[in-house]
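Q: Okay, handing you the structure first.
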Amino acid sequence: MRRAVVLAFAGLGVAVGAYSLGVAHDAPASSFAGRSTGGAFALLGGGLVLIACGLICSLRLAANRVGPLLAGAGVAWFLLEWNNPGVGSALAFTVGLCLYAACPPLVAHAVLVYPRGRLRTGVERIVLAAAYAGSVLVLGLLPAFFFDPVAEGCGQCPRNLLLVAGRERAKADLYRVGVYLATAWALALVVLVLARLVRANGRSRPVLVVGAAYLGLVAAMFAASRQRGFLWNGTLERRLWFVQAAALACVAAGVTWGWLAGRRARSAVARLVVDLAHTPPPGGLRDVLAAILGDRELVLAYPLADSGRLVDADGRAVELAASPARTSLVRDGRIVAVLAHARGLLDDEQLVDEVTAAARLALENERLQAEVRARLTDLRASRTRIVETSDSERRRIERNLHDGAQQRLVALSLRLRLLRSQLSPLAGAGARARLELTEAELDSAIAELRELAHGIFPAVLADGGLAVAVRALAEDAAVPIRIGPLPEGRFLPAVETAAYTVVAEAAQVATGPLRITALTRDGSLVVEVEMQADGRTLDRVALEDRLGALDGRLSIDQAQDGRVTIRAELPCGS
Amino acid sequence: MRVVVADDETLLREGIARLLTDAGVDVVGKAGTAEDLLRRVELTRPDVAIVDIRMPPTQTDEGLVAAQEIHRSQPTVGVLVLSHYLESHYAMRLLEDHPQRSGYLLKERVKDVALLVDALERINEGECVLDPTIVARLVGRPREQSPLDELTAREREVLALIAEGHSNESVSKKLFLSPKTVETHVRHILLKLGIGETADYHRRVLAVLAYLRG
């Protein structure tokens, strides 16, 4: 159906073009094209190229208004020749009288809605409406009512079918006003198109540039006609008309180029469908989309269902603040993903819809996966925080015991000592003995407190690091500890504490000699403990919790001969 | 003997000063912070400074750092660090940096005025002093087959005293042995443990401690 309409319109366009060429040939005096080859070329070239481009767009982008507007503008381009007194037909003459200036607003309209098919601002709507009114009403229909060719001495003119009353004066005034107005609206349209240009993307830029140039030429043409008070084929006007033809051809070329680029992207979408048949794509959906859309910096982010926070496919938080442009992929009214991309990459809404549709399943999959991973990351972070908080709390308690209770106890024992030395020699031996006993008990209280504080948190670990703390542990262990190579450098407190906890727990349950080695490999601190023990006595859950909080791993192997090997791997970032 | 006492806990600081004064030691200055301590030492040039290992502001190792500073700026001033820590790591930081005129005792020793004064005197004479409990832990820690097992009980006693920083003369006095006998013991011990003999007293202490910690 649409194809038939398009074909019919194409036929009409060619017919109108041919007829216009005939008019120009028959009555060159009142024509812009005249009899010259160049004129014929400009007349046909300007109109037919626009019509062809408009029709292709109508066929390919069904819902888009750019196509019909361009095709209409192409036809209107020819009508400038139809108000020629030598046109012959009364109908053609009347149509020409009404619509000879209809081409510029149509072109402006097409350029302003390119490529999305929509006007964006109220100002655009108002200026465009004024342009239509100015060209069709003030320059066309209204003066036509008052134009009586016979009364005005145009013997060769055909009949004006719209004549109401011949008022030459009124007609001339309307034309004069119309020309002034036309200069104004044409300039206003130039400004609007340029304003568009500032924010436009790469693909629509050329169209806007030549569109603005064309409208500028139109404004110049009307400005040149303002002395005379109506549009005439003077030398300057004709020159401007030639350049307009070239500008229109460029507009058509620009639109066609943009359409071809869009088609390349769309055929890539077809590839996407094939690619995604092998789900999940190896580098993730982002890589596939980046390759297809030709934007290496492309960011694909998923909003989390509860918070709306954006994360990537691995569930890591994504910051889109710096990205130049973003497009939401919407499915059933819900944003499934957000693309941050180069400006103008996804201006074609249809393309975005097609991408969303093609990648629907893969997007949904990856989004759910991202959601799960993000939750895991959150959970891990929270576990790490809990462990860190409890460690720093232990450290604080250890310090308080050291600097508070223990100091006080030592001071107290010192006082008792002073007291005893001041005891009168007359005091009974019983009192002296009791005092000594109290001092001894105070001593053991101090020793117990020291052990308690050390058990809560070994200060030597925080002060000296893992290697120092392990050596200190060997001074106090119940079994011999052989210390292999240990990394002397420092790690994050949580990593050191976790590694130390593994060693201390092992030393706690060991029944025979224990051997410790530790090294850093591939960004992990690997601690290995070999010992004689019953592996079941290890508090495995506590160790796994502690390591798990840091994304670490624990393995415990019990050999037949009773040797236990504990291996802990902790990511340490070096 | 003239000493300066530095401890942020007033009760302890005053108590120690009082005890030492009663024992005939001249307490020429008292300080509550490391900064204050350095100023007093500079001002009074004492024989020994008694320093708490943990002092404001961070309550970690200000005392050790101050001790090193004193050793650097006033090599003639001895330093006795008092600490709650049993781990040899802290003591070794002090002794390895500067073994001459250095001492490290557990805090609760302060009430044992005889031991304290003895330590101060030894430090004043240029020796180094390490707390007997810490040494006992090092000597007594469980080991897989070790040459230590071959030492006689008497030799172990001598070894511990050497590790505590006692000179041969001091060991002979403590164990009521003739200097000749002590020398023989020491030679045997060093031979059995494979520690090279050295005439330098401080180097010998450090070598023995390194052996015990390793």
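The values are calculated or read from the model by the stated rules, or taken from the named source; none is laboratory data. Since this is a predicted model, take the numbers as computed values, not measurements. Methodologically, a virtual Cβ is constructed for each residue, glycine included, from the backbone with ideal geometry; neighbour enumeration extends over all protein chains shown. Ligands, DNA and RNA are excluded from the accessible area calculation, which covers all protein heavy atoms including side chains. Shrake-Rupley method; radii C 1.70, N 1.55, O 1.52, S 1.80 Å.
Q: Wholly within the stretch A:80-151, which helices (runs of 4 or more DSSP H) include no fewer than the required count, namely at least 1 residues that are without any contact (Cβ under 8 Å) to a residue 40 or more places away in the chain, open to solvent by 50 Å² or more (accessible area, probe 1.4 Å) and under 23 Å from residue A:49 (Cα atoms)? Walk me through it before giving the result.
A: Details: elements: A:90-99, A:103-113, A:122-132, A:142-145.
Where helices (runs of 4 or more DSSP H) fall fully within the stretch A:80-151 and carry at least 1 residues being without any contact (Cβ under 8 Å) to a residue 40 or more places away in the chain, open to solvent by 50 Å² or more (accessible area, probe 1.4 Å) and under 23 Å from residue A:49 (Cα atoms), they are A:122-132.
Q: Filter the stretch A:468-484 for residues that are surrounded by fewer than 17 Cβ atoms within 10 Å (Cβ to Cβ) and closer than 16 Å to residue B:213 by Cβ; which is farthest from the other protein chains (Cβ to nearest Cβ)?
A: Filtering the stretch A:468-484 down to residues surrounded by fewer than 17 Cβ atoms within 10 Å (Cβ to Cβ) leaves A:476, A:478, A:482, A:484.
Keeping just the survivors that are closer than 16 Å to residue B:213 by Cβ gives A:476, A:482, A:484.
Working: A:476: 7, A:482: 7, A:484: 13 Å.
The qualifying residue farthest from the other protein chains (Cβ to nearest Cβ) is A:484.
Q: Going by what's in this entry, would residue A:395 be described as closer than 30 Å to residue A:462 by Cα, modelled with pLDDT of 85 or more and open to solvent by less than 80 Å² (accessible area, probe 1.4 Å)?
A: Details: closer than 30 Å to residue A:462 by Cα: yes; modelled with pLDDT of 85 or more: yes; open to solvent by less than 80 Å² (accessible area, probe 1.4 Å): yes.
When the stated conditions are applied, residue A:395 passes them.
Q: Filter the stretch B:127-168 down to residues that are acidic (Asp, Glu) and at pLDDT 90 or above, then give me how many there are. Let's see the steps before the verdict.
A: Step one: list which residues in the stretch B:127-168 are acidic (Asp, Glu), which gives B:127, B:131, B:144, B:149-150, B:155, B:157, B:164.
The next check asks that each one be at pLDDT 90 or above; those that pass are B:127, B:131, B:155, B:157, B:164.
Counting residues in the stretch B:127-168 that are acidic (Asp, Glu) and at pLDDT 90 or above gives 5.
Q: Among the residues of the stretch B:59-80, write down those that are outside any helix (DSSP H, G or I) and either surrounded by fewer than 19 Cβ atoms within 10 Å (Cβ to Cβ) or away from chain A (no Cβ under 14 Å) (or both). Full working, then the answer.
A: Filtering the stretch B:59-80 down to residues outside any helix (DSSP H, G or I) leaves B:59-61, B:74-80.
Residues satisfying the conditions are B:59, B:60, B:74, B:75, B:76, B:77, B:78, B:79, B:80.
Q: If I ask for residues that are closer than 10 Å to residue B:34 by Cα and either assigned to a loop (DSSP other than H, G, I, E, B) or more than 14 Å from chain A (Cβ to nearest Cβ) (or both), which ones from the stretch B:47-58 would you list? Before the answer, list the steps.
A: From the stretch B:47-58, those closer than 10 Å to residue B:34 by Cα are B:51-57; that's our starting set.
Those that are closer than 10 Å to residue B:34 by Cα and either assigned to a loop (DSSP other than H, G, I, E, B) or more than 14 Å from chain A (Cβ to nearest Cβ) (or both): B:51, B:53, B:54, B:55, B:56, B:57.
Q: Condition first: closer than 28 Å to residue A:474 by Cβ, within 12 Å of chain A (Cβ to nearest Cβ) and open to solvent by less than 10 Å² (accessible area, probe 1.4 Å). Now tell me which residues in the stretch B:106-122 satisfy that.
A: Those that are closer than 28 Å to residue A:474 by Cβ, within 12 Å of chain A (Cβ to nearest Cβ) and open to solvent by less than 10 Å² (accessible area, probe 1.4 Å): B:106, B:107.
Q: Follow-up question, since we're still on this one. Restricting attention to the stretch A:485-503, and to residues there that are free of Cβ contacts under 8 Å to residues at least 40 places away in the same chain and within 14 Å of chain B (Cβ to nearest Cβ), which single residue is nearest to residue B:145 (Cα to Cα)?
A: Going through the qualifying residues, I end up with A:485.
Q: Is it true that residue A:515 is assigned to a strand (DSSP E or B) and either surrounded by 15 or more Cβ atoms within 10 Å (Cβ to Cβ) or free of Cβ contacts under 8 Å to residues at least 12 places away in the same chain (or both)?
A: yes
Q: Among the residues of the stretch B:5-13, is there at least one that is part of a strand (DSSP E or B) and open to solvent by less than 20 Å² (accessible area, probe 1.4 Å)? Give the derivation first.
A: The initial filter retains those residues of the stretch B:5-13 that are part of a strand (DSSP E or B), namely B:5-6.
When the remaining residues are screened for being open to solvent by less than 20 Å² (accessible area, probe 1.4 Å), the result is B:5-6.
Yes, the stretch B:5-13 has at least one match.
Q: Quick one: is residue A:507 surrounded by fewer than 21 Cβ atoms within 10 Å (Cβ to Cβ) and at pLDDT below 95?
A: On the way: surrounded by fewer than 21 Cβ atoms within 10 Å (Cβ to Cβ): no; at pLDDT below 95: yes.
Against the criterion (surrounded by fewer than 21 Cβ atoms within 10 Å (Cβ to Cβ) and at pLDDT below 95), residue A:507 does not qualify.
Q: Ok, one more. Check residue B:133 against each of (1) in contact with a strand residue (DSSP E or B) (Cβ under 9 Å, 6 or more places away or on another chain); (2) of a type in the set (S, T, N, Q); (3) within 26 Å of residue B:199 (Cβ to Cβ) and name the one condition it does not meet.
A: All conditions are met except number (3).
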